[in-house]
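Take a look at the structure below.
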Amino acid sequence: MATQPQGNANLPLLYRGLEPLNSGQHSKMKLKRQQTIPNVGQVHAIPVTIDEFIPAQRTYPIIFSAGEVPVPLALMGLNEGVNTFIDGEGKPIDDQAYMPAYLRRFPFMLAKLRPDSDELSLCFDPTAGSLDENEGDALFDGDQPSDLTRNILAFCEQFETAGQRTHAFIQELQKAELLMEGEVSVQPEGADQPFVYRGFRMVDEEKLRNMRGDELRKLNQNGVLPLIFAHLMSLGLIRDLFYRQVQQGKGPVASVQPAPAGKTKSEKIGNDAEA
């Protein structure tokens, strides 16, 4: 999950620039205590690592992005530009909700300073407005990193390592051919047709059920099987996320009402969902 600090074209989600943190240029800089993340309120899916599947699946549906190298994503909304957990100012709406590590590390990350080297350096997004000379906690003690900066570096290193484990997990899923094109439909009470969501990938439950015992045993020994179950269980939150959007006035149509208990038709997950 490391990147290059030069230019904006290939920067990861939410980052608009990257600058190496060093005592020569930033010895007087401080990290503001009140952090916000620009534009995150318009992002509906945030990358998560497999280390986060268990805590994240209690709050968010976890799906996989489309493409050659799928990425696990925590859904904060079901539609582009809709985030039901973080407001337009970048502040959490629900303080009890799990916050993905991808967001907690912002505006910092590890990045390669040179394309011909694998060495990673601690960088930050200078456009985020998180660093200031007048308020916050010092990033340097003289020419040495402060305890805060050491903790930030350690967190980013842990995130990078978790990213490598996540990549290995995705490779296991692809090797077993367990990922399928996903489709979810939610049909609220009184709606003529269901609302259908596509454009993501998910584990094929039928193929998982039909795997040989030795194949399942290997997935279990590799730690893959519990992660698959966490992903599949999290998909049950899609209905809750749909109505969370509706309650916040961000639903697909204004006429959809929050579901009364026991009055909502069950959503369908899989390729047989209605159009």
- Message: Between a residue in the stretch 94-105 that is within 12 Å of Ala45 (Cα to Cα) and touching a residue at least 60 places away in the same chain (Cβ under 8 Å) and any residue that is hydrophobic (A, V, I, L, M, F, W, C) and open to solvent by less than 10 Å² (accessible area, probe 1.4 Å), which pairs come within a Cβ distance under 6 Å, given they are 6 or more apart or on different chains?
- Response: Tyr102/Ile46
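Are any residues in the stretch 98-128 within 21 Å of Pro72 (Cα to Cα) and open to solvent by 20 Å² or more (accessible area, probe 1.4 Å), and if so, which ones?
Selection gives Tyr98, Met99, Arg104.
Of everything in the stretch 200-253 that's under 15 Å from Val82 (Cα atoms) and assigned to a loop (DSSP other than H, G, I, E, B), which residue is modelled with the lowest pLDDT?
Only one residue fits best here, namely Val253.
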- Message: Cβ contacts < 6 Å: first residue under 15 Å from Tyr102 (Cβ atoms), restricted to the stretch 144-167; second residue open to solvent by 90 Å² or more (accessible area, probe 1.4 Å), any location; separation 6+ or different chain. Result?
- Response: none
- Query: Does Val186 meet the test of being in contact with a Lys or Arg (Cβ under 6 Å, 6 or more places away or on another chain), among the hydrophobic types (A, V, I, L, M, F, W, C) and closer than 30 Å to Val246 by Cβ?
  - Reply: yes
- Among the candidates Phe85, Phe108, which residue alone is over 15 Å from the mean Cα position of the chain (by Cα) and either farther than 30 Å from Lys175 by Cα or among the aliphatic types (A, V, I, L, M) (or both)? Phe108
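The values are calculated or read from the model by the stated rules, or taken from the named source; none is laboratory data. Given the structure is predicted, the values throughout are model-derived calculations rather than measurements. FYI the Cβ positions are ideal-geometry reconstructions off the backbone, even for glycines, and counts take in every protein chain you see. These accessible areas exclude ligands, DNA and RNA; they are computed on the full protein's heavy atoms, side chains included. Shrake-Rupley method; radii C 1.70, N 1.55, O 1.52, S 1.80 Å.
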